[in-house]
Amino acid sequence: MKYKLDHEAKTFGDWAYLAVAKHYKKFLSHELAVLEDKDPEELHQMRVGMRRLRSAINGFTAALNLPENGQGKKVSKIAKSLGNLRDLDVLEDTLKNKYYPHLPNKEQKRLKEVLYSLEKTEKSL
């Protein structure tokens, strides 16, 4: 049985489907912007969507029959990867905007090397 997101939920299974579909759609709505890597807020919003999806899956486990890749442990693994990327974004922003401008030239050069290394690490994740 296929439901629309505006379908009136009558059973626990209906609510489960609606919750998972809503949060999955929200999570995916940020995918292209995250891949473009121009705005760190997109990664943050994708991560929020993933946490909500994971909560919906865990909360409605009794009503769901998901394939292995859609189960809580797999979703948690993806959420952890997004969290690691977000942590790198926050670290990079802090180093660039809070510390870099106040460092002596020699240390700015070193920090540029660190930022370059962070950039490479982020792309490999």
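The values are calculated or read from the model by the stated rules, or taken from the named source; none is laboratory data. Note that this is a predicted model, so its numbers are computed, not measured. Cβ placement follows ideal geometry from the backbone for every residue including glycine, while neighbour counts extend to all protein chains displayed. We work out accessible area using only protein heavy atoms, side chains counted, and drop any ligands, DNA or RNA first. Shrake-Rupley method; radii C 1.70, N 1.55, O 1.52, S 1.80 Å.
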Residues of the range 83-97 with backbone N under 14 Å of the label point set 7 Å from the Cα of Leu115 along Cα→Cβ are 89-97
Can you tell me the accessible area per residue over the chain, all protein chains present, probe 1.4 angstrom, in square angstrom? 75 Å²
How big is the shadow of the Cα convex hull of the range 19-125, averaged over all directions, in nm²? 7.4 nm²
Using only Cα atoms, tell me the angle between helix 40-59 and the longest principal axis of the chain; keep it within 0 to 90° and round to the nearest 10. 30 degrees
Counting Lys and Arg as +1 and Asp and Glu as -1, each charge on the Cβ, what is the dipole of the range 12-123 about the Cα centre in debye, to the nearest 20? 280 debye
Helix 72-94 axis, angle to the chain major axis (alpha carbon atoms, nearest 10°): 30 degrees
